[in-house]
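Chemist: Pasting in a structure now, in structure tokens, and then I'll have a few things to ask.
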Amino acid sequence: MEAKSKILIVDDDENITELIALYLEKEGYSTKSVHNGNDAIHVFKSFSPNLVILDLMLPGRDGFDVCKDIRQMSNTPIIMLTAKGETFDKILGLELGADDYMIKPFDTKELTARVKAVLRRFTPKGNTTKQIAMPNLTINLSNYTVVYNDTKIEMPPKELELIYFLASNPNQVFTREQLLDRIWGYEYIGDTRTVDVHIKRIREKINESDAWGIKTVWGIGYKFEVN
């Protein structure tokens with residue numbers, strides 16, 4: 001029997017965690033809930049979830065700190081769930097490594113759909129190898145790994161999918177809207193700064209070489225330039 005995907009729900013509101021768990025378990029997922037930031041990392045290590053739903057406003061350590069800690073040890077996808085709707089909080093969450101965010105009050109069906117979409121993108125299918133190899137850089141979408149200068153680079157799913165897509169289409173210019181649609185999906189409700197944040201994070205982890213690089217095309221978007 002195929003193992004259930006495990007979802008860790010971190011929120012201080014027990015009614016919300018019970019509601020989310022109810023819907024996710026009806027879809028066949030295994031869930032575990034935590035109600036404060038201090039216990040979140042301990043449970044993350046013992047539970048080893050496939051995905052984390054993480055609230056920002058938590059007693060103890062807040063969701064930003066929890067997200068940062070998770071990213072230091074794992075590229076497990078994170079969906080931030082928060083009552084905060086300000087652009088600053090969204091961008092900061094993305095910069096720290098969150099893959100998506102939803103704002104309370106939320107629709108449980110939409111949250112479930114986003115969980116499915118993130119897991120579908122993150123889980124390799126079959127034995128088909130999706131790999132791009134360039135000088136000093138290998139991007140493998142089958143097992144979600146990036147190797148740069150012989151060192152494995154930790155990248156959350158969205159960062160890896162973005163660089164893989166750009167590198168799969170060398171020297172082709174894409175607008176931010178096109179990249180949002182392609183990587184986050186048509187159902188994603190976000191703004192184009194989401195793309196800029198992820199490009200910035202990728203550039204902080206890998207430097208362009210003489211043979212390739214992610215280039216900004218001013219007024220349009222981005223391209224993966226190959227010489």
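The values are calculated or read from the model by the stated rules, or taken from the named source; none is laboratory data. Source: prediction; values computed, not measured. Cβ placement follows ideal geometry from the backbone for every residue including glycine, while neighbour counts extend to all protein chains displayed. These accessible areas exclude ligands, DNA and RNA; they are computed on the full protein's heavy atoms, side chains included. Shrake-Rupley method; radii C 1.70, N 1.55, O 1.52, S 1.80 Å.
Chemist: Looking only at residues in segment 86-113 that are buried (at least 21 other Cβ atoms within 10 Å of the Cβ) and at pLDDT 80 or above, which one is farthest from Tyr144 (Cα to Cα)?
Modeler: That would be Tyr101.
Chemist: Any idea which of (1) free of Cβ contacts under 8 Å to residues at least 24 places away in the same chain; (2) open to solvent by less than 10 Å² (accessible area, probe 1.4 Å); (3) β-branched (Val, Ile, Thr) is the one Thr192 doesn't satisfy?
Modeler: Failed condition: (2).
Chemist: If we only count helices (runs of 4 or more DSSP H) wholly inside segment 135-206, which ones have 1 or more residues that are of a type in the set (Ser, Thr, Tyr)?
Modeler: Because the criterion is at least 1 residues that are of a type in the set (Ser, Thr, Tyr), the helices (runs of 4 or more DSSP H) in segment 135-206 that meet it are 157-168, 193-205.
Chemist: Restricting the search to segment 34-62, which residues are small (Gly, Ala, Ser) and in contact with a helix residue (DSSP H, G or I) (Cβ under 7 Å, 6 or more places away or on another chain)?
Modeler: Gly37, Ala40, Gly60
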